[in-house]
Each structure stands twice: as structure tokens, then as C-alpha cells.
1. Which semi-axes, in whole Å and largest first, does the equivalent ellipsoid of the stretch 120-180 have when worked out from the alpha carbon gyration tensor as the square roots of 5 times its eigenvalues?
2. Multiply the residue separation of residue 106 and residue 316 by 0.36 nm, subtract the distance between their alpha-carbon atoms, and state the gained length in nm to one decimal.
3. What would the Debye equation give as log₁₀ I(q)/I(0) for the chain at q = 0.07, 0.11 Å⁻¹, counting only Cα atoms as equal point scatterers?
4. In whole angstrom, note down how far apart the Cα centers of the stretch 72-129 and the stretch 200-268 are.
5. Hey, rough spin-label estimate for residue 135 and residue 366, points 7 angstrom out along Cα→Cβ, what's it come to in nanometres?
6. Testing the spin-label approximation: label points 7 Å from Cα along Cα→Cβ at residue 157 and residue 181. State their distance in nm.
7. Relative contact order for the stretch 5-56: what is it in percent, counting Cα pairs under 8 Å that are at least 6 residues apart?
8. Residues of the stretch 299-328 with amide nitrogen under 13 Å from the 7 Å Cα-to-Cβ point of residue 37?
Ligand code: AMP
């Protein structure tokens, strides 16, 4: 157990680091951030900051020297950078797990090898493998970069061979992966924490709706049958166990129309779809993350309330901030980002409901006020 007063190093300076640092502070730890941005969301609330590139050996060494244990809110550190950090301090989750989550090919290969279904997929590295992939997967499909994609970036939906050829030429870095389009009933995610002793706990599966490739709304719990939720929880834990995780893992899944589950992506860090846990659970995903990394006990990831989380994206949502503050029941989170570029996650709001009372689309739209979709009631409610 890391004693209070010690320093937890967090690689990455965004909102996930900010909320992890706040959780660390509440447990008596100092958070120290490695970031390229001296005054970013995480640095603003942390005891220490190393400003430097994630692959700059000098910055990585200075960061490691300032901390007792290292974790991440940002996964895309090079293998050499990870090895350097791991040679200097304990790193949780391990560099191997980051390596798997950084690369869609490694991720899908790992998942399939450990009994987790994914969308059908094929590696695409040249014209011949593109044709072979189309022949095997069929169209329409989604062509994705295998590295560095996030929030719907680095991917293209393709309906014809010509579109696939054009997208192949455009998307970088290569290789790419062609994924069959899943006609899912809904998207869900499970956040699992696992300690060094193998102890595990997981938050209830939640349902995620995206807008323009970016998470828009999370409903907790997911509006799916209990049996499906139980299978999703078991699948999330199975993946965490297979990885030998120490830390936090989000497992994003598609629920097919027949109720079967396919893993879309894994992220070995706190996840946007877990922000609701700050208010709706005695121990949030951020505290669970810090507990797992610091070797503290992991209490049950229980939920005392149901919740809806709405992301605040770009200048339009930020413009509603005064109104959000004036709306009873909306719990505001501002990430302290100076500039509200379109598509940028600027904050989120959470609305709690008594456990078991998550309303339908009309009630949710009413509760979110101006943040709900324009018509106020066009939240889909078709569920498997
Ligand atoms: P990703 O960056 O892979 O998480 O994809 C972002 C979003 O695109 C997902 O949350 C889905 O809404 C959608 N998506 C990604 N892959 C597929 C797929 N194979 N079939 C259908 N929708 C997908």
C-alpha cells in the first residue's frame, strides 16, 4: 500500500488526468503530471508537473524521478518510452497492456485469442490485402487506422470498393484494419478495476450514444436485459483477467440485435463512459483507478443512483455553461480548457436519479433541459 503523502505520476494532461488527480488528492496523494501543456486540465489541479514530450527520454527520466508509481490517462507512449519508465518505477497498467490497447490489430488478435468476439476484421496493408479484406468482410465496412485513432478520427465508412480505395490512400499511418459494420442494438461499456493481488470489481454496464463519432450521452445502467448485463460484466472481467491488469480497464462493446456481445475497443485507463460514477457511486472510477495503482483495497463498485452523463463538446455546449449552472439537478464539470474548438471535450454534466428510476427518453430530455436534443424527445429508446 502506497502511504499517503507519496506521489502518483500520471502520464497525460487532459481531463482524465485532472479527475484522477483530484481523486488522488482526496486519498492524500500528490499527483504529478507528465504533459506537453504546462497549464492543461490535469496540471491545473496537481501538485507537480513535468512539461515535455511523451517520448522524450529526458522528460520521461525527470518525470520518473519525481514520482513513486506511474499510471496513464494517455496511452500513446512509444514502446521505448514505456520501457524507459518501467525500468525506473513501477508502471500500472503494464507496458504490455498499453502495447495491446495502442494497436487495433494486437487488440483484436488478443481479444479473439482469449474468447472475446469482435466485429469481423482483416488487416489491410496494400492493394492486394484491401481486395482480400473486402472479399472476406464484405461491404459496407469501416476502414480504421490501427494506431492513434480516437473519437471517430482515423476511420472511414466505406460502401463501395472505390470508396475503400480512396480511404486506404488517405488514412495514415498504415497498416489499416477493415472491420465489418455491426448492426448493433446499442453500445455499452464496462469499467473494471483489478489489483495486483487479482482482486477485481466492476461498475454496472452503461449504455453509450455517440454523436459525430464522439461520446454524447451515457446512461447508467444500460437499458438492457439483466442477463445481457451479466454477460457483459463477465466479459469485461474476463478481458481484465486475461490481460493480467493492474489498474482500470474500460471495455467497449456492441450489443447485437440477438443480444450477443462483441468487444469494440479496450482502454486501460479511466473512460469517458465512467464519469457518471463520480456522483452515482461511493467510489468513482477515478478513485478506483488510484486505489488499484496505489495497492489500496478495491471496494465493490456499487451504484447508489442511476445517472445520465452528457458531454459538453466544443463552443456550442460551452456557451450553455451559465444556463447549466442555473439548472437544478445538473452536476457541472468544467475541464478548464482555455480554447473551445469544435469537437473538443470541454466538460460534462451528470444528472442523478434514484436507483431503479432512470426515466425514459422524455424524462431524460426534460432533465437535461437545453442540453437535450433539439426536439426534446428524440432520444431513441429501442432496445434489445
Ligand atoms: P472506435 O473509434 O472504434 O471506438 O469507433 C467509434 C464509434 O464508431 C463506435 O463507438 C461506434 O459507434 C462506431 N463503430 C466503430 N466500429 C464499428 C463497427 N465495426 N460497426 C458499427 N459501428 C462501429
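1. On the way: eigenvalues 50, 26, 22 Å².
Ellipsoid half-lengths, sorted descending, are 16, 11, 11 Å.
2. On the way: separation 210, 0.36 × 210 = 75.60 nm, distance 3.73 nm.
Here the answer is 71.9 nm.
3. -0.31, -0.79
4. Result: 18 Å between the Cα centres.
5. That separation, rounded to one decimal, is 5.8 nm.
6. Taking the simple label geometry, residue 157 and residue 181 are separated by 0.5 nm.
7. Values: 106 pairs, mean separation 19.7, N = 52.
After rounding, I find 38 percent.
8. 314
Taken together, the values in this text are just the output of simple stated rules run on the coordinates, not laboratory data. Just so it is clear, the model here is predicted, and its values are computed rather than measured. Note that we place each Cβ from the backbone using ideal geometry, even for glycine, and neighbour counts take in every protein chain shown.
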